[in-house]
Amino acid sequence: MTKTAESAQPDGRSTRWNDHKEQRKARILDAALDAVNEGGADVGVQQIAERADVPRSVVYRIFKDRADLDEQLRVRILEMMMTDLTPTLTPQGTVGEAISRAVETYLQWIVKYPRLHHFLGKGSPSTRATGSKVVTGTKTAIAVQLGNLLGAILASRGKPSKMAEPLAFGVIGLVDVSVNRWLSQPGSDVTSAELAEFLERSIWQVLDGNLRSIGVDITLSTPIADL
């Protein structure tokens, strides 16, 4: 075997180390998720390390800094959330049923995991989540998917689809701001059921008003298959 061929072969020791590193990384992220879910965003790196059964120094060998750990934890949380939410982004049944299913699934998730949802928006005290690329990217992806659906509805009716994207981002923004405000007030008199009802009604009114203004007439009982 030539020297060139030998150098092309993967180093077994390097592969084993990479596998070991990925296993430790997964264990640390699992520990961080459990720690935040139980104790909130104030959890420190030392607590996470103890929960993962690794030295604190190992955490900083695997993650560049606390900001890197936080951002990768947000990826893990979003993956967990989207496992439940993604099926609702392919609407089924009637328009009203599709709106209700998406809103209720989202609210059920944040009521079950309020600390994880809070972490997505705020991050840890030392590294706030302002400008988080993964959070912004997920919201954008959801809005774009809704915009594509609205654009297809408009196109099928011979209407210009240029307002589909602003309408979709407006709906996602309405939900995001309303939910975050509600979560920030633990003593609120508004129940999750009342918030769900408000969001479902508001989403429909925003969609209905804007679609009617350009000559598209649908109702809550319109089957998704007919759009």
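The values are calculated or read from the model by the stated rules, or taken from the named source; none is laboratory data. None of the values given here were measured: they were computed from a predicted structure. Here the Cβ is made from the backbone with ideal geometry for all residues, glycine too, and neighbour counts use every protein chain on show. Just so you know, the surface numbers come from the protein's heavy atoms only, side chains and all, with ligands and any DNA or RNA stripped out. Shrake-Rupley method; radii C 1.70, N 1.55, O 1.52, S 1.80 Å.
Observations
- Span from the region 159-218 Cα centroid across to the region 41-85 one, whole angstrom: 33 Å
- FRET efficiency, 1/(1 + (r/R0)^6) with R0 45 Å, evaluated for VAL75 and ASP217 via beta carbons: 0.60
- Computed from label points 7 Å out along Cα-Cβ, the spacing between LYS159 and SER57 is 6.4 nm.
- In degrees, nearest ten, helix 12-39 long axis to first principal axis of the chain (Cα): 50 degrees
- The share of accessible area on the chain that comes from carbon and sulfur is 53 percent, using a 1.4 angstrom probe.
- Which listed pairs, of LYS133/LYS162; LYS21/LYS139; LYS21/LYS112; LYS112/LYS139, have C-alpha distances above 28 Å, in listed order: LYS21/LYS139; LYS21/LYS112
- Length gained when the stretch ARG201-HIS20 is fully extended (0.36 nm per residue, less Cα-Cα span): 60.1 nm
- Exposure of ARG76 as accessible area (Å², to 10), given a probe of 1.4 Å and all protein chains: 60 Å²
- Of [x] 143; [y] 118; [z] 178, the label for volume of the Cα convex hull per residue in Å³ derived from the coordinates: [z]
- Residues in region 188-227 reached by a label modelled at ALA152 [backbone nitrogen below 16 Å; 7 Å Cα→Cβ]: 223-227
- Between 0 and 90 degrees, the angle of helix 192-213 with respect to the longest Cα principal axis of the chain falls at about 60 degrees.
- Remark: relative contact order (the chain) = 22 percent; criterion is Cα-Cα distance under 8 angstrom and separation of 6 or more residues.
- Stretchable slack from SER178 to LYS133, in nm (0.36 nm times residue separation minus alpha-carbon distance): 14.1 nm
- Label-point separation in nm, GLU50 to GLN92, each point 7 Å along Cα→Cβ: 4.6 nm
- Where labels lie 7 Å past Cα in the beta-carbon direction, separation of ARG27 and MET82 in nm: 2.8 nm
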